[in-house]
Amino acid sequence: MADKILVIDCGSQYSHLITREIRRLGVFSELIPAGSFNEKFVKEDVKGVIISGGPDSVYNKEAPKPSVKNINVPLLGICYGHHYLAHIMKGDVRKGKAEYGKAVIEVKNNSALMKGLSKKESVWMSHGDEVYSLPKEFKILAESDGCIAAFANEGKNIYGLQFHPEVAHTRNGKKVMKNFVFDICRCKKGWDMGDFIQKSIKEIEEHCKGKKAIVCLSGGIDSSTAAFLSAKALGKDLTAVYVDTGLMREGETEEVKELFRNSGLKLIVLHEEERFYKVLKGITDPEKKRRIIGQLFWDIFKEKLKEIKADYIIQGTIYPDRIESAQSSKHASRIKTHHNVAIKDIEEWRRQGKVIEPLQDLYKDEVREIARRMKMPMKMVERQPFPGPGLAARIEGEVTKEKAGIVRKADKIFREEIDKLPKNRRPTWQYFAVLSNAKATGVKGDARAYGHVIVLRAVDSKETMTANVTKLSHEFLENVATRIANTIPEVTRVVYDYTSKPPSTIEWE
């Protein structure tokens, strides 16, 4: 029986990062919604419990209140979990000085949790409340500017962290996680992504029991991996359905056909551009656009399901989709609706067991690892992420064929120029163009021009929950801007987005 760490999800946007980081250490970790958790979850294989962050205050009536007082394994609270442990142990939690983003903490006392850290550490904070005073028998491990950043009761193996060790921005966060998992919880390694592949194939086989299924294919790494995984389980009983919405990148549909030509997977390509432009006419609200696109996708897939007499729909939903759509926890805050997640019909079909989402608990880097292990084409493995709503997520305001054409051309130019750069100077995650809702005056051919403003965005990330702006040179950006403005008559200005995530999201809409 492999050792396990349980993570209680209190609604943080970073909850699953904790689970992912622990799995990366080679220890199995499972995310449990706070409302479902009870002491019966702590079985023999559970060596520790972590309480995540979340948007609530411990004083809110609806705030998560997991029962952890009588658990006899090490406890670690992060952010909201830090407040909650102090609160239930009779400490004092108050509204404090809000800290969002990078902060510096000073390590005050030695402890197993903070082993190997420097006197001063750069960390990532995101909180409004703070622990004002500690319960009896607890000690301060670290402080930031006027805030208790870490505490412990080492006799009872209870620890709290105000900062987020699970995000890449906390410089030595992995070291803190290692300390808790191995030195405090005494876990032994026993988790491997190969186990996940075999388990998923078996689960898909058992779920479908010889019946037909379709897999919703976008050509991105998530849906492609779901398709390959499902094909191993279902073989000829699986059909991949790809929908060209008219909102794809330049050459996208042809590239998808080529990538899957020799895969052995049955592929159906549907051209539905006019249907998508029709339903999006006059719609400007980003959330409404996403829901409309999601619903039309779903309607088209249901039509095809009925036509080929299949019983199940397989999707490449991954955990960030569920997090940002507030589907991972009832305490989570919705960031944006993902087209394959929060559609009413899909939720009903999920309840009936007709929707299979084998990757729903994984992050993008874990999906890529599975793809590599299944020996999928490297061009597919390294494919740049592209949102389900396509270019609609990169057009502010109403989506039209004309606007899609403009942003598609700008995006192609930007991607072509990025691809000319040495690999070590390219963005590690995503790079694309956005058609803003703004217009600006320009000069073309010695005459006044009034046209669109294109925004360029490029980010570096490992897990999509946080992202840093790629530091592209001014010379490079000037060259791209000149080429876009000279090539696309409707564009008079090009700007570069310097905002990291948070506070922004990676995509614009």
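The values are calculated or read from the model by the stated rules, or taken from the named source; none is laboratory data. A quick note: this is a predicted structure, and the numbers were derived from the prediction, not measured. Positions of Cβ are backbone-derived with ideal geometry, glycine not excepted, and every protein chain shown enters the neighbour counts.
Count of the stretch 229-239 residues, restricted to those that are modelled with pLDDT under 95 and not in a helix (DSSP H, G or I), is 0. The residues listed here are Y132, Y84, Y59; of these, the one that is in a strand (DSSP E or B) and either in contact with a helix residue (DSSP H, G or I) (Cβ under 9 Å, 6 or more places away or on another chain) or touching a residue at least 12 places away in the same chain (Cβ under 8 Å) (or both) is Y132.
Pick from the stretch 454-465 the residues that are of a type outside the set (D, E) and not in a strand (DSSP E or B): which of them is surrounded by the fewest Cβ atoms within 10 Å (Cβ to Cβ)? In this case the residue turns out to be K462. In the set E287, E255, E274, only one residue is at pLDDT below 95, surrounded by fewer than 16 Cβ atoms within 10 Å (Cβ to Cβ) and either outside the structural domain of I8 (by TED's automatic domain parsing) or touching a Cys at 6+ places or on another chain (Cβ under 9 Å) (or both); that residue is E287.
E44: without any contact (Cβ under 8 Å) to a residue 60 or more places away in the chain and either outside the structural domain of A149 (by TED's automatic domain parsing) or in a loop (DSSP other than H, G, I, E, B) (or both), yes or no? Yes; evaluated as a whole, the condition is true for this residue. Considering every residue within the stretch 88-103, establish whether at least one is at negative phi and assigned to a loop (DSSP other than H, G, I, E, B). Within the stretch 88-103, one or more residues are at negative phi and assigned to a loop (DSSP other than H, G, I, E, B). I'd like the full set of residues that are without any contact (Cβ under 8 Å) to a residue 12 or more places away in the chain, of a type outside the set (S, T, N, Q) and in a loop (DSSP other than H, G, I, E, B), limited to the stretch 262-299. Selection gives D285 alone.
When residues in the stretch 419-453 are screened for being surrounded by fewer than 10 Cβ atoms within 10 Å (Cβ to Cβ), at pLDDT 90 or above and among the small types (G, A, S), 0 of them pass. Taken over the stretch 445-472, the criterion of being farther than 30 Å from D321 by Cβ and free of Cβ contacts under 8 Å to residues at least 24 places away in the same chain is satisfied by G445, D446, A447, R448.
Residues in the stretch 373-406 that are surrounded by fewer than 16 Cβ atoms within 10 Å (Cβ to Cβ), charged (D, E, K, R) and over 22 Å from the mean Cα position of the chain (by Cα): K375, E398, K401, E402.
Would the stretch 488-503 turn up any residue that is farther than 29 Å from R290 by Cβ and part of a helix (DSSP H, G or I)? For the stretch 488-503, residues farther than 29 Å from R290 by Cβ and part of a helix (DSSP H, G or I): absent.
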